[in-house]
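What follows draws every value from the coordinates through simple rules; no lab data is involved. On a predicted model such as this, the values are computed, not experimentally measured, just so you know. Heads up, the Cβs are rebuilt from the backbone with ideal geometry, glycines too, and the neighbour counts pull from every protein chain shown.
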Amino acid sequence: MIYERPILETVLNRLKEKRNKIHILSGARQVGKTTLVQQALNKLDSPKIYVMAESGFSTLWIEQQWSAARALSATHPEGVLLVIDEIQKIDQWSERVKRLFDEDTIQNKNVKVVLLGSSALLLKKGLTESMAGRFEIIPITHWTYSECQEAFDLTLDEFIYFGAYPGALPFRHDENRFFSYIQDSIIEPVVSRDIFSQHIIHKPALLRELFRLGCYYSSQILSFNKMLGQMQDAGNTTTLAHYLTLLEQSGVLKGIHKYIKEPLKTRQSSPKFQVFNTALQSSVMKTNFQQTMEDPEIKGRLVESAIGAYLLSHSNAKVYYWRENNKEVDFVIELNGKLIVIEVKSGKRITSIPGLELFDKKFSSDSKLLVGTGGIPLDVFLKTSLENFI
């Protein structure tokens with residue numbers, strides 16, 4: 001039996017609602033959006049049409065699928081589900097969807113539409129230009145440790161190193177095959193196709209180098225100027241910042257900003273690089289699973305990246321770091337009007353955390369957490385909803 005993620009219940013409930021909205025399942029590549037929607041369809045009794053778009057399809061193809069759903073609805077007054085996967089592959093899809101949706105609303109046709117798209121990068125333009133007020137996004141995040149453990153019997157160390165791409169995890173006992181899958185099914189499609197299809201990239205080599213270095217230095221603070229010094233292709237900090245935004249919207253790599261009370265100053269800080277999935281960090285490292293687990297420094301970096309990836313999966317949380325002189329806080333979280341500070345420790349026990357203590361004096365946090373050695377066990381933290389720590 002294929003594992004059913006807890007978010008399946010949310011998707012089912014949304015699809016059963018009678019509100020006239022377009023539901024959009026949006027998430028990074030290889031997080032299981034297609035499997036998830038097919039599981040939902042199998043649990044629904046209403047008639048449904050599932051189709052997948054391909055590059056080169058025109059908006060006329062969308063109208064043809066929509067017409068088929070309308071025809072089916074004529075004999076099924078309870079309603080019909082039309083699911084279009086990979087919608088972003090069709091140029092100017094949003095204008096045609098908007099027109100067809102508005103026609104159905106005026107004519108009271110009972111066609112419920114579900115669109116699937118890979119990443120905010122590929123959907124953002126269409127949604128912001130013409131679909132306002134007509135859609136509801138259901139974010140599909142990367143898998144959690146609990147989900148990976150239940151579905152694949154992953155140990156904590158395996159989750160830290162191999163990450164959480166469900167398509168790749170069955171290959172984890174053959175590391176060459178595992179990382180070939182990561183490279184061919186995730187990294188290359190994102191870095192070489194998805195971004196290039198939506199934006200003019202003047203320095204492709206610089207984009208790829210930024211991705212590689214950002215993954216390698218995940219969980220570390222690194223200025224753009226310092227990164228440029230390590231890159232073979234020339235560029236500038238503005239270009240790097242733009243490329244990093246594109247990688248973030250693709251769901252692979254983010255630059256976390258320093259926590260500053262003045263929002264306009266936040267983006268002036270050096271970024272702390274953070275992968276959305278630790279498999280991406282492991283893919284650019286020179287050590288295998290056993291070597292990584294035996295090296296406290298390398299394992300510690302992956303542990304902090306695993307915590308950061310877990311935090312980024314909370315779509316309603318804002319994630320920062322904080323540093324002043326030689327004092328630092330690993331993560332600062334704004335969630336539901338509360339301020340949570342997190343220090344991650346995977347080495348020796350400590351008796352004081354000067355960075356956390358100084359931050360609390362300056363900003364008065366609502367919750368102070370030590371995760372790892374001497375604090376909340378790592379596996380417990382990764383299995384607990386962030387809201388429970390407020």
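Compute the FRET efficiency between Glu188 and Ile2 as 1/(1 + (r/R0)^6), taking r as their Cβ-Cβ distance and R0 = 25 Å, and round to the nearest 0.05. So the FRET efficiency works out to roughly 0.45. Against the chain, whose longest principal axis comes from its Cα atoms, helix 237-249 is set at around 60 degrees. Summing +1 for each Lys or Arg and -1 for each Asp or Glu, what net charge is found among the other residues whose Cβ lies under 12 Å from the Cβ of Leu378? Net charge in that neighbourhood comes out at 0. Remark on Phe135: its backbone amide H falls under 5 Å from those of Ile22, a criterion applied only to residues 5 or more positions apart or on other chains, H modelled at 1.01 Å from N. Taking every C-alpha pair closer than 8 Å and separated by at least 6 residues, the mean separation divided by the residue count of the chain gives a relative contact order of 13 percent. Take every pair of alpha-carbon atoms less than 8 Å apart whose residues are at least six positions apart; their mean separation over the length of region 143-264 yields a relative contact order of 17 percent.
Residue order for Leu72, Leu25, fewest other beta carbons within 10 angstrom first, comes to Leu72, Leu25.
Kindly identify region 7-139 as rounded, prolate or oblate by the Cα gyration tensor criterion: order the square roots of the eigenvalues as a ≥ b ≥ c, call it rounded if a/c is under 1.5, otherwise compare a/b with b/c, prolate if a/b is larger, else oblate. The shape class here is rounded.
Backbone geometry of region 336-347 corresponds, through the Karplus equation with coefficients 6.51, -1.76 and 1.60 at θ = phi - 60°, to 3J(HN,Hα) couplings of 6, x, 10, 10, 10, 10, 10, 10, 9, 10, 10, x Hz, x marking Gly and Pro.
Peptides 41-53, 321-333 ordered by packing proxy, namely the average of other Cβ atoms within 10 Å per residue, highest first: 321-333, 41-53. Ordering of 9-16, 96-103, 338-345 by packing is 338-345, 96-103, 9-16, highest average first (other Cβ atoms within 10 Å, averaged per residue).
Mean separation of Cα pairs under 8 Å and 6 or more residues apart, divided by the residue count, gives region 1-148 a relative contact order of 36 percent. The amide H of Ile376, built 1.01 Å from its N in the peptide plane, has Leu370, Val371 as neighbours under 5 Å, considering only residues 5 or more places off or on other chains. Only lysines eight or more places from Lys299 in sequence, or on another chain, were considered; those with a Cα closer than 28 Å are Lys226, Lys254, Lys258, Lys272, Lys286, Lys318, Lys327, Lys345, Lys348, Lys368, Lys383.
Using P(r) over Cα pairs in 20 Å bins from 0, in percent as the read-out, say which of (i) 30, 60, 10; (ii) 24, 50, 18, 7, 1, 0; (iii) 26, 55, 19, 1 was calculated from these coordinates. The value computed from this structure is option (iii). Extension gain, Thr237-Thr155: 0.36 nm per intervening residue step, less the Cα-Cα distance, totals 25.6 nm. Note that region 172-184 has calculated 3J(HN,Hα) couplings of 5, 7, 10, 4, 4, 5, 4, 6, 5, 5, 4, 5, 7 Hz, one per residue in order, obtained from phi through the Karplus relation 6.51 cos²θ - 1.76 cosθ + 1.60 (θ = phi - 60°); glycine and proline are x.
To the nearest ten degrees, helix 204-216 and the longest principal axis of the Cα atoms of the chain are 60 degrees apart. Taking the 0 to 90 degree range and rounding to the nearest ten, how far is the long axis of helix 33-42 tilted relative to the main principal axis of the chain, both from C-alpha atoms? Approximately 50 degrees, to the nearest ten.
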